[in-house]
1. Starting from the Cα gyration tensor of segment 66-128, take the square roots of the eigenvalues, sort them a ≥ b ≥ c, and report rounded, prolate or oblate (rounded when a/c is under 1.5, otherwise prolate if a/b is larger than b/c, else oblate).
2. Which order do Val395, Val19 take by accessible area at a 1.4 Å probe, largest first?
3. Give me the lysines in straight-line cross-link reach of Lys317: C-alpha distance below 16 Å, same-chain residues under 8 apart excluded.
4. Which whole-number value in Å² is the accessible area per residue of segment 141-219, probe 1.4 Å?
5. So which trypsin sites (Lys or Arg not before Pro) in segment 75-158 pass both tests, a DSSP loop state and at most 16 other Cβ atoms within 10 Å of the Cβ?
6. What is the helix-to-structure angle for 601-631, meaning the angle in degrees between its Cα long axis and the longest Cα principal axis of the chain, kept from 0 to 90 and rounded to the nearest 10?
7. What percentage of the solvent-accessible surface of the chain, computed with a 1.4 Å probe over protein heavy atoms, is contributed by carbon and sulfur atoms?
8. For Lys12, give me every one of the aspartates and glutamates with a C-alpha distance below 20 angstrom, ignoring sequence neighbours fewer than eight places off in its own chain.
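The values are calculated or read from the model by the stated rules, or taken from the named source; none is laboratory data. These numbers come from a predicted model, not from an experiment. As a convention, Cβ positions derive from the backbone with ideal geometry for all residues, glycine included, and neighbour counts pool all protein chains shown. Ligands, DNA and RNA are stripped out before the accessible areas are found, and what is left, the full protein with its side chains, is counted by its heavy atoms. Shrake-Rupley method; radii C 1.70, N 1.55, O 1.52, S 1.80 Å.
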Amino acid sequence: MTESGTTTLREKAIALLAVSIGAFVFYTSFTGAFESLIQRSVFVAMIATLAVLMYPLFGGSKLRPLGILIDVVIVGICVASSAYVISNFERIMNDLPWAQPVDIALGFATLVAVLELARRTSNWVFPVIVTLSVAYAFFGYLIPGQFGHRGFDAGYLTEIIFLSDRGLWGMLVNVASTTLAAFVLFGAILLHTGAGQTFFDLAARLGGARPGGAAKIATLASGFFGAINGSTVANVATTGNFTIPLMKRLNYPPAYAGGVEAIASTGGQLAPPIMGTAAFVMAEVVGVNYWSIALAGILPAVLFYLGVYSTVHVIAKRQHFKPVAAEELPDWREALTLARVSPIIAAVAGLGFGILNGNSVELTACYGMIAMIVTVTVARLMTGQSLSEVIRIIVSALQEGGRGVVIVGVLLVGAQVFVAMINLTGLGIAVTGAVLEVGQGNFWLIAILMAVVCLVAGMGLPTSAAYVLVAAVFAPAMIQQGIEPLIVHMFVLYYAALSVITPPVCLGVFVAATIARTSWFQVAIQTLRLGATAYVLPMLFLIYPGMLGDGGPVAIGHAVLSGAVFTLSVAHLLGGAPMRGGLAVSAIWLLPAVLALMEGWTPTVFAAVILLGLLFVSRTELRRQEALSAASPS
């Protein structure tokens, strides 16, 4: 068979298997999951096979025949191990069997296969980290001091990794195969029903006609898309291919255009409902309802985008960036037709029904999917489309959902092994002790240390994987300081997500710089400038628990006011809001920002009053400069 014929066959296999995964997710969301090990092992076998098809080894090179052999072996190992677990799941769960040589061979072969697929779907950083955790479990007895432990042999590690529900088939895999997969499929169906174009049109209408309109379109559109697709890099690649060229066409500096898209796409990882797919994992780890996580994420996400949008606005006014031309903006009447918005309304209604009915998260997502499918079917048939065209849309959505769960699914399988090794060896406890020792009981020093460590540890990793790795090792250090687990885990999630735009390993920035065709370092500088408030925002969680919905209406109101004052102050400082007297006087924007970080209502009220005064002074100076510019000869 020719190369093109092989490629076509593989594409057909990808489409068929992706649809099968989407159908599996939909079915188990509606009827309920199978027995735990059966659900998880079937899911692992399916996503591993699809990952091999989507990311073939040595594709397009002379070594492809060797790659085919290795790919076949990987699929064989994953399918065989899953079949073995399915046939022995009662013995594994009830008898806690001793590992035999075949178990050891199959268990570690499956782990190697999963880590190889993680390398293909992500990069080498994640599999190396997981491999080091397993090596640490083997050879920890060679390490002196508090980081050493008694060590474990291959048989015992096999019983943890392969013959239990703590390793390859553990809790994170359960999350990936149920709640997370259900919402990934929900998002795919939502976008395929036309909501993607509707979101973009709404962003264009809301921000495009204002100063710096192209950057505001990028900010809003990336927020809408990022809240659904769960990946910073994918968000930059998707929306950035339109927004970055648009900004460049309107004479925005390329580095600035890339920075706007990179930071806006990152915010999508922190916006409900998906939150970079980490919200579902966090719910299991912290032991709270998923909807509690989603509600807790609303105010921080709003403040995140308030900071980006305000900074973009201030820069646009100072640099005289013009709005997008009216003829380039979509018509409101086209963007808000019933056919366009009905799937979104149906999705929200379906979710609302599931929540009010007290259903599981998966079934609630399923109700949203059913509502969308029914609505889009009726709407498309009423507009004259055939049933076959509607079915094609639904099948395409199932396929996209199946493909979308592959990367995060593979990474969470590996991450579960990492978590198992950390718990087994007590590394988290040792790291907690070391952090507390370095911090010398100083709470804020410990918090800053934790933030830096999370930023570094999460570099090069997708949000969900970064969150799992840093939470497993570092979250206990802050929890021991008396901070509520939800606050600590949101703190960790934010810095893990921000690692994707933090130099030197900043994948989101790299993609934006490639599209903008400029230096990644210059894009990184602009991204950090636009997202400066985001790096401080998690610290506000520690000062104002109301930021995450804790403490009642008064505490929440205080958090809203303090967060808004801080965000707007920093945005005007870094955006270069005009002040008579130059840069030295501009530093006065720090005053309300610092006051907003202080506990108590008094400094917050003073901060708000000062901010209002500075806004008035700055706008007066801007009008003066515009008048002078208009009066001066061209």
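1. Values: a/c = 2.53, a/b = 1.86, b/c = 1.36.
Prolate shape, in that a/c is at least 1.5 and a/b is the bigger ratio.
2. Values: Val395 60, Val19 35 Å².
Output order, biggest surface exposure first: Val395, Val19.
3. Lys216
4. Values: 2400 Å² over 79 residues.
Counting only protein heavy atoms, the per-residue value for segment 141-219 is 30 Å².
5. On the way: sites: Arg91, Arg119, Arg120, Arg150; in loops: Arg150.
Filter output for segment 75-158: Arg150.
6. 60
7. Numbers: 17540 of 25810 Å².
Looking at the chain in its full context, I get 68 percent from C and S.
8. Glu3, Asp71, Glu389, Glu400
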